[in-house]
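Colleague: Below you will find the structure I want to go over with you.
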Amino acid sequence: MNASPVIAVTGLHRGENPQPGSAVIRSLRRVYPELRIIGLVYDSLESGLFSEEDAPDAAFTMSYPGAGEEAFWQRLDAIREIERFDVLIPCLDAEMGPLVDAPEKLRERGIHTCLPTVESFKCRDKSRLAELCERTHCRTPQTLAVSDVNSLHQAAMTLGGNVFVKGRFYEARHAITPAAREAAYWHMLEQWGAPVLVQENVQGEEYNVVGLGDGCGHMLGCCSIRKMLRTASGKGFGGMIVRDPQLDAIAQSLIAELRWNGPFELEFVKSEGAKGEYCLIEINPRFPAWCDFPSALNCNLPAAAMELALGWQPREPLRHATPGKFFIRHAIDMTGDIRDLAALTTTGQFFRQPREIIPHPAASRGL
Amino acid sequence: MKLAPFSTLMRHNSQPHDLAPAVAPSTATATFDFHTVTWQADGFGFDATSGEFFTASPTALIVMQALSEGVARPQILDRVTAHFEVARSTAERDLESFFAELVHIGLIEESN
């Protein structure tokens, strides 16, 4: 292991559907400003590479998950010949399966992680959520897995017609008409593979809980928000911190049942009405894109995850952030240079240089 | 002081909305908790358990403050008519409809 650990983070694109990697980097640097962080990217245009504040020190292109597991491990080994990183924080759902399945491959390489066991990972799969919710007495919308168009329509009818069509890993589309259902089905199949999931539509406010499990059934810390703003595709673009003992208890019972190790995000809809109940929509096995927001409020879960992966003592107990604090996402334009793009495209690697400062003409005018 | 309509208790979500004018009634304390909502004297209320926020008219604020203190309905009516120039029968009718609104948004139980 390096004297000062080197951390690898994936999922650096903060586009329309923002990935969590840049938020993880920002959180780590809040506590460890000198930490060396490398980005593992799937595209040379991942926006986080060009950020002033949360870019990695170096980046390497990865093989797509579709290229197979062997290619994945080979590429990881090749990268570690150049940058022997010690900790890996995967931030994309599609990467989780191969990593969770092969803890021994990570161990033999000396890569520290903070990942759930295969069993707990499988138990939170969208297709098995109902079983988990039954054991923990938590409500969840009825969800059916389909692999052909006939069963898609049958499932939708069973669930009342007004449904969400969801991809295996990401994305959900609200579909009421058969045509909309079919279009969503083919899109999800093409993007994320089979099965496609059809989910009952529960109307209400959306609540999310980000947290870190210790693998023994406890949460080392968590933060709950109500989504205040949503994009057209339903992604949270703003959130308000809440503190509801009922929501905390549900989250605790789910994590205890799963004996979850590592970061997670629980997504709920609270059904409308005075007696609305929390309904679990899904469990994401990684940090969400908004994970740096609690970090700014003394609940730095990514830093705690890194410490947990390294077996370090936690710096201090994680606090639940104060209700009433909120975040609003703000999209800005990054500046890139063709030389950086060329390096990443041709050699698959890119080492960050100090930024060239282009002086404003007014600066020399002595205003 | 004229009676402000009760129905200016507004829930604010992510959708575009008009802010209701909220003027602090002279009798209100700095903040008070009613149900799970903490109300400020300027009529802004925040529910820390749900993350929702509201604005209320001065009249609504007086009624909710009274409810938070456990004041019974006839005495709430007394407070309202003492603070605003309004016929008791009109205030009583408006109060009933305001209670119905509070039940609807889950701030009081049906039986209150």
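Colleague: Looking only at other chains, what is the average number of their beta-carbon atoms within 10 angstrom of each beta-carbon in B:37-50?
Modeller: For this peptide, the per-residue mean of nearby foreign Cβ atoms is 3.
Colleague: Name the residue, out of A:A55, A:A155, A:A67, whose mean-square fluctuation peaks in a Gaussian network model built on chain A with Cα pairs under 10 Å.
Modeller: In this elastic network of chain A, the residue with the biggest mean-square fluctuation among A:A55, A:A155, A:A67 is A:A67.
Colleague: Any idea how many Lys pairs in the protein assembly as shown come in under 15 angstrom at the alpha carbon, given 8 or more places apart or on separate chains?
Modeller: Within the protein assembly as shown, the lysine pair count is 5.
Colleague: Sticking with this structure for a sec: Once every Cα of region A:25-98 carries one equal point scatterer and solvent is ignored, give the base-10 log of I(q)/I(0) from the Debye formula at q = 0.16, 0.17, 0.26 Å⁻¹, two decimals.
Modeller: -0.62, -0.69, -1.41
Colleague: Could you check the spin-label model distance between A:A78 and B:R88? Points 7 Å from the Cα along Cα→Cβ, value in nm.
Modeller: It works out to 8.9 nm between the two label points.
Colleague: Quick one: compute the contact order of chain A, relative version, from alpha carbon pairs under 8 angstrom and 6+ residues apart, as a percent. Spell out each step's value before the answer.
Modeller: Working: 705 pairs, mean separation 67.6, N = 367.
18 percent.
Colleague: Separation between the A:H320 and A:A232 pseudo-spin-labels, each 7 Å from Cα along Cα→Cβ, expressed in nm?
Modeller: Going from the A:H320 label point to the A:A232 one covers 3.8 nm.
Colleague: Then there's this: Can you give the angle from 0 to 90° between the axis of helix A:149-158 and the longest principal axis of chain A, with both taken from C-alpha atoms, to the nearest 10?
Modeller: In chain A, helix A:149-158 runs at an angle near 60 degrees to the longest axis.
Colleague: Here is a further query. Quick one: helix A:245-258 against the long Cα principal axis of chain A, what's the angle to the nearest 10°, folded into 0 to 90?
Modeller: It works out to around 80 degrees.
Colleague: Also: For region B:50-112, take the convex hull of the Cα atoms, compute a quarter of its surface area, and give me that in nm², please.
Modeller: Numbers: hull surface 17.8 nm².
Over every viewing direction, the Cα hull of region B:50-112 projects on average to 4.5 nm².
Colleague: Another one. So if I take the centroid of the Cα atoms in region A:295-345 and the same for region A:169-234, what is the distance between those two points in Å?
Modeller: For region A:295-345 versus region A:169-234, the Cα centre distance is 22 Å.
Colleague: What Kirkwood hydrodynamic radius, in Å, does region A:65-198 give when the mean of 1/r is taken over all pairs of distinct Cα atoms and then inverted?
Modeller: That comes to 17.0 Å for region A:65-198.
Colleague: To the nearest 0.05, how large is the calculated FRET efficiency for A:Q313 and B:R73 if R₀ is 41 Å and r is the Cβ-Cβ distance? Walk me through the numbers on the way to the answer.
Modeller: Working: r = 57 Å, r/R0 = 1.40.
My answer for the efficiency is 0.10.
Colleague: I've got another one for you. Simple spin-label model, 7 Å along Cα-to-Cβ: A:E16 to A:N162 in nm?
Modeller: 2.6 nm
Colleague: Follow-up. For A:E108 and A:T347, calculate 0.36 nm times their separation in residues minus their Cα-Cα distance, and state this gained length in nm to one decimal.
Modeller: 83.3 nm
Colleague: Using only the Cα atoms of the protein assembly as shown, what are the Rg and Dmax in Å?
Modeller: 26.1, 85
Colleague: Over the Cα atoms of region A:138-213, what radius of gyration and what Dmax do you get, in Å?
Modeller: 12.7, 41
Colleague: Relative contact order for region A:277-361 using alpha-carbon pairs under 8 Å, separation at least 6, rounded to a whole percent?
Modeller: 17 percent
Each value in this text was obtained by applying a stated rule to the coordinates, not by laboratory testing. Values in this document were obtained by computation on a predicted structure and should not be read as measured data. Here the Cβ is made from the backbone with ideal geometry for all residues, glycine too, and neighbour counts use every protein chain on show.
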